[in-house]
Structure formats: structure tokens, C-alpha cells
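Beneath this line is the structure, given in C-alpha cells, with notes to follow.
The values are calculated or read from the model by the stated rules, or taken from the named source; none is laboratory data. Not measured: the values here are computed from a predicted model. Glycine also receives a Cβ, built like all others from the backbone with ideal geometry; neighbour counts cover every protein chain displayed. Heavy atoms of the whole protein, side chains included, go into the accessibility calculation; ligands, DNA and RNA do not. Shrake-Rupley method; radii C 1.70, N 1.55, O 1.52, S 1.80 Å.
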Amino acid sequence: MASESITSDWVTPSTRPELIESLVSGVDRYNPSNVSILEDYLYHQIRSQEYDCLANLAILKLYQFNPDLYNPDVVINILVKALTSSPFPDFNLCISLLDDRPQTSHLDEPDPLPQLLPTLTTLHSLLHQCRFPAFWALYQSDELQPLRDNYTVEVVGFEDSVREVAVRAVQSAFTRITSTRVSSYLNLPEGSELEEYISKFGWTLDSASGVVSIPPNVNNKIESTVVQENIQLPQLAKIIGHTAVTV
């Protein structure tokens, strides 16, 4: 039932306005005159911490059909929003619509996407592989300052969204984990700031041992499995008889 709820929220987010629903679900999805409405909706998502993958994919599809509409800043913002959907495939779905790179002769400035796309892909891979310390190291590097200054700084709650990816991974894999490790995953200093953050998820920190305890859930709950064979005597006789014949 939980997976059905997640799928439903992905297809039709509760925050999606009626106008966007009509554009995404109807024939107007491919009407180029509506691209500005969808772009405005993307920037609403950026300012409000909302997310609507299907609406953003509709923008990329319109760019495919209408290369003169292509806006690299919009594409980069779509990819940045999709980054934190990991482990869901949103980022790869977006990338799949960029294979046919549109003509950029109508742009007033050089296209920043070719330079940033490999970096965004690497960041996505690190998140997908749960290599969170490596993600933070790359994201905070001098090399990625243009990405931070021009894009992610505008995305409200971007770093917390990354932390939520790490939280989902930790909740799925651990019942106990050191606070030092959690600190490196969340890019938060050990101490009151880390303890306050993890308490929102019902995690508890033992200050003496430095161990964080995570409540059991369907993913991290370890249960032993007993396998019991139930073979009747007539069935066993058939197996032995068949073996004797073949030998």
C-alpha cells in the first residue's frame, strides 16, 4: 500500500494546481504556447520546496519538439530538483529527454548545460550509490561554486532535500549507527545541531557511546526466516524411484 501511495503522489502531487493538471494530463501537454506556464510552475516549485516531476518532464518534451523554446537555465533547474528524488529514477528520465540537444543559436549567451551536465550526473551517481560524504565534498568544492552561486542557492531547502535522501537510506539499512557517520552523511556537525535534526525522525543519540538508535521499520527490521519442507511419503517414493531409473 505504501508503494501505491508513493506512485500516486508522483503521478498527481497533492500540491499540483488544477491548471497544471489540465496541461499535464490533457492534449495541451504538447502545446508550445503553454511552456511559459509550466516554466513559471517550475520556479514556484523552486521557491516553495514542492516538486512535480511529470510537469517538469513536459517542459523537456516541449523543448525537444520546439528547439527555439529551449532555455538552459530551466533545464538545469529541472535537473537540480530531480537530483534529490533519489533513489527514484526522475533524474534519468530527465536525462533521457536531453539526448537530442536542441540548437542554441537563439541564445544570447553560451549554453551552460554542456559544462554542468557531467557534474550533475556525477552528483546524482554519488547520491544513488549512497556515497554521501563524497557528494558533500564535491558539492562544496571550489569547482562547483558556479552551480551553488547560480542555481542551488535559489532552490529553497536544497541541502535539506539531500539530507532527506541520506535519511531514507539510513532508515532502510541501520538500527544503530555512530553519530560520526551520521554527521558525515548529513553534513551536519556533531553536537546539538545534529541531535536536534535527527530527533525529528524519532532517532535517539546516546551521548556516552556516540551511537544513534533508529526505530525499527519494514526495511531495517531483522527477522529470522525458518524454511520447513513438507514432503509427503508418496512424493518421496516417486523421487527415489525416478532417481533409480535415471541412474
Handout entry: Distance between modelled label sites at THR178 and ASP142, nm, 7 Å Cα→Cβ extension
Key = 3.1 nm
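Find how much the distance from VAL156 to THR15 grows on full extension, using 0.36 nm per residue of separation minus their present alpha carbon separation; answer in nm with one decimal. Working shown, then result.
Values: separation 141, 0.36 × 141 = 50.76 nm, distance 1.62 nm.
Answer, rounded to one decimal: 49.1 nm.
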Completion exercise
SASA check, THR178, accessible area w/ 1.4 Å probe, all protein chains in place, rounded to nearest 10 Å², comes out at 70 Å²
Exercise for the section: Determine one quarter of the surface area of the Cα convex hull of region 116-226, which equals its mean projected area, and express it in nm² to one decimal. Expected result: 8.6 nm²
Practice task
Please calculate how many Å² of accessible area region 116-155 carries per residue, with a 1.4 Å probe and no DNA, RNA or ligand atoms counted.
Solution key: 50 Å²
Handout entry: Where labels lie 7 Å past Cα in the beta-carbon direction, separation of SER33 and GLU195 in nm
Key = 6.1 nm
Handout entry: With DNA, RNA and ligands ignored, accessible area of SER192 (1.4 Å probe; Å², nearest 10)
Key = 100 Å²
Problem - Around SER179: net Lys/Arg minus Asp/Glu count, Cβ-Cβ under 14 Å - result: -3
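Could you work out the equivalent-ellipsoid semi-axes for region 158-217, taking the square root of 5 times each eigenvalue of the Cα gyration tensor, largest first, in whole Å? Please list the in-between numbers first.
Details: eigenvalues 50, 39, 18 Å².
Semi-axes from the Cα gyration tensor: 16, 14, 10 Å.
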